[in-house]
Amino acid sequence: MSLTEAPRPAFRPPAPPRPEGPIGPLSFLLGMWRNPLATWSRQSFEIPFIQAEGVMGRVAVLNEPSAIRHVFVDNAANYRKDALQLRVLSPGLGNGLLTAEGDEWRAQRRALAPLFTPKMVDSFEPAMIACAEWLVARWTPLREGRRLDVSAEMSRVTLEVLQRTIFPEGLARDPADFARAMGRYFDGIGQVHPFDVLGLPKWAPRVGKRDTRQELRFFAGAVADLVEERRASLGASSEAAPRDLLGLLLTARDPQTGEGLSEAEINANIVTFIGAGHETTASALTWSLYLLSQHPDWRAAVEAEVDEALAASIDAPGAIDRLVRTRATFEEALRLYPPAATLSREAIGPDEINGRPIRAGDTVIVSPWVLHRHTTLWERPDEFAPERFMPGRREAIDRFAYLPFGAGPRVCIGMGFAMREGVIILATLLRHFRLDHAPGHEVTPMQRITLRPKGGMPMILRHRAKPVKD
Ligand code: HEM
């Protein structure tokens, strides 16, 4: 068996059934409420460019790499985040980096970019390794065969990473409480209410929607304490702030006006970075571990790689770069279960995309969930085939056919951070443990801000033989 080949055919990772044809407005609204993934028809995965008019107004769904490049890069200035996305995200994330537009967005992105340069990500590596080892220490005393909710465990460890990197002075609250609050908050706001889809005003009561005020109060309290503690420790001179997220937010100055970020922008960004920075990576890690559990031959190959590459230590020079099967697994998990399953924009002015007219106000949707499984772009699109991301083959994948982190000016600022973190945590866990999917639990991917397994991911913990250190 060649280890660059998928050794076992035809494991089809779970996905909701696809309606045969376009669905009616009522089914669409219900689907958006229950699970937006289930609203995509079979044709969506086969037709490269769909234009339609429905409850969301005029919509174009793009699965053509050149069309996607046009919207995200070449003519990005003509597209902004659309109203539905803002209605869903803004209550908690305010005008943070994910949701801000125009000059406000530019000033924030410029201020925060220094925290995510490759050099900074390198400097975060020891903290990421320490967090992965922290999780190993947490699981090591657990008995063989113990059932774990891997989804909750991954949220916990990725939050720990944020705490030890971009929030080195902590989050002013117990991280376990924070992880739970963020999970509940995303569950609540991520359920897209029909009134939001229809654009009804805020005062119209969203009956049935989970109330997230308690979580918002929790975040507001934590953020206020964080900022107050930092301001107190800095005294009068905020120029001496450490160059962590809070330091950069507090000292950011607009080069033209010399103005700093407003209190609201600072607060919104703290919640944005905690939200965008841990649930996403946690989801990708959870799916990686699940997919490996369904593919024992590939899992054995990844374990062999990890044992060899980390024989001395994960921080030995070049050790992480040698984890090519681990990285391919993480990238394939991001393909099959992209944590940000839908990206959307609104056209500011009229445009033409590959010869199709776009009017001002049209919504343009690029769904990594559909794009990554599109029959015109991928071989065996619905199968777990991590070898497609191995060196030598990965280069053939079109940049605009694979968008787990988006593209263009609004590309994920944490992409390099998340990739490093994902590979380190996955490799460290695989060196010590083997996780099997818990029998009797049905896995259903569900879109709630991030794409997560419905009801968590129960898995059975097995201890691998103690790794031998050289
Ligand atoms: C596997 C993990 C991650 C995935 C799949 C992911 C995905 C994405 C995507 C697709 C976007 C672009 C959204 C759009 O174009 O509408 C985005 C933006 C963003 N991400 Fe991530 N992300 C991940 C990890 C992180 C991490 C670790 C951080 C921070 C520590 C982060 C912070 C952000 C922020 C602040 C933005 C907004 C950037 C802007 O608009 O300028 N993300 N992310």
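Any read-out appearing in this document is the output of simple, stated calculations on the displayed coordinates, not a laboratory observation. Quantities reported herein were computed from a predicted structural model and do not represent experimental measurements. Methodologically, a virtual Cβ is constructed for each residue, glycine included, from the backbone with ideal geometry; neighbour enumeration extends over all protein chains shown.
Could you check the spin-label model distance between residue 321 and residue 348? Points 7 Å from the Cα along Cα→Cβ, value in nm.
Each label point is offset 7 Å from its Cα along the Cβ direction, giving 4.1 nm.
Filter the chain for me: DSSP H helices, axial length by Cα at least 30 angstrom, mean Kyte-Doolittle hydropathy not below 0.0. List them by residue number.
Numbers: long enough: 118-139 (31 Å, 0.38); 213-234 (31 Å, -0.19); 263-293 (46 Å, 0.51).
Membrane-span-like by this rule: 118-139, 263-293.
Once you put a point 7 Å from the Cα of residue 110 and another 7 Å from the Cα of residue 142, both along the Cβ direction, what distance in nm separates them?
4.7
Give the order of 337, 402 when sorted by the count of other beta carbons within 10 angstrom, beginning with the fewest.
Numbers: 337 28, 402 22.
Ascending Cβ contact count within 10 Å gives the list 402, 337.
Give the residue list of trypsin sites (Lys or Arg not before Pro) in segment 235-331 that are DSSP loop and have at most 15 other beta-carbon atoms within 10 angstrom. Working shown, then result.
On the way: sites: 243, 253, 299, 322, 325, 327; in loops: 243, 253, 322.
Qualifying residues, ordered by number: 243, 253.
May I ask which residue of 150, 112, 385 lies farthest towards the positive end of the charge dipole of the chain, with charges of +1 (Lys, Arg) and -1 (Asp, Glu) on Cβ and the Cα centre as origin?
Working it through, the farthest residue towards the positive pole turns out to be 150.
Once you have a ≥ b ≥ c as the square roots of the Cα gyration tensor eigenvalues for segment 306-434, tell me rounded if a/c is under 1.5, and otherwise prolate or oblate according to whether a/b is larger than b/c.
Details: a/c = 2.90, a/b = 2.18, b/c = 1.33.
Verdict is prolate for segment 306-434.
Round to a whole angstrom and tell me the spacing of the C-alpha centers of segment 349-368 and segment 80-159.
Cα centres, segment 349-368 to segment 80-159: 31 Å.
Taking the mean number of other Cβ atoms within 10 Å as a proxy for protection, how do you rank 245-251, 40-46 from highest to lowest?
Numbers: 245-251: 21.1, 40-46: 17.0.
Put in order of decreasing packing, that is 245-251, 40-46.
Determine the dipole magnitude for segment 269-381: charges of +1 sit on the beta-carbon of Lys and Arg, -1 on that of Asp and Glu, nothing else is charged, the reference point is the Cα centre, and the result goes in debye to the nearest 20. Could you put the intermediate results ahead of the total?
Details: 10 positive and 15 negative charges, 75 e Å.
The dipole magnitude comes to about 360 debye.
Treating only the Cβ atoms of Lys and Arg (+1) and Asp and Glu (-1) as charged, compute the dipole magnitude of segment 377-453 about its Cα centre; round to the nearest 20 debye.
Values: 11 positive and 9 negative charges, 63 e Å.
Dipole about the Cα centre, nearest 20: 300 debye.
Which net charge results for the neighbourhood of residue 78, defined as the other residues with beta-carbon distances under 14 angstrom from its beta-carbon, given Lys and Arg at +1 and Asp and Glu at -1? Intermediate values should be presented prior to the final figure.
Working: positive: 69, 80, 81, 345, 359, 410; negative: 74, 82, 101, 346, 351, 352, 362.
With Lys, Arg at +1 and Asp, Glu at -1, the neighbours total -1.
How do the peptides 414-425, 433-444 rank, highest first, by the average count of neighbouring beta carbon atoms within 10 Å per residue? Let's see the in-between values first.
On the way: 414-425: 22.8, 433-444: 14.8.
Taking the mean over residues of other Cβ atoms within 10 Å, the ranking is 414-425, 433-444.
Can you run the Rg to Rh ratio on segment 25-463? Use alpha carbon positions and the Kirkwood inverse-distance Rh. List each step's numbers first, then the result.
Details: Rg = 21.6 Å, Rh = 22.7 Å.
Result: Rg/Rh = 0.95.
Magnitude of the Cβ-charge dipole of the chain, K/R +1 and D/E -1, about the Cα centre, nearest 20 debye?
Values: 58 positive and 57 negative charges, 188 e Å.
In total the dipole reaches around 900 debye.
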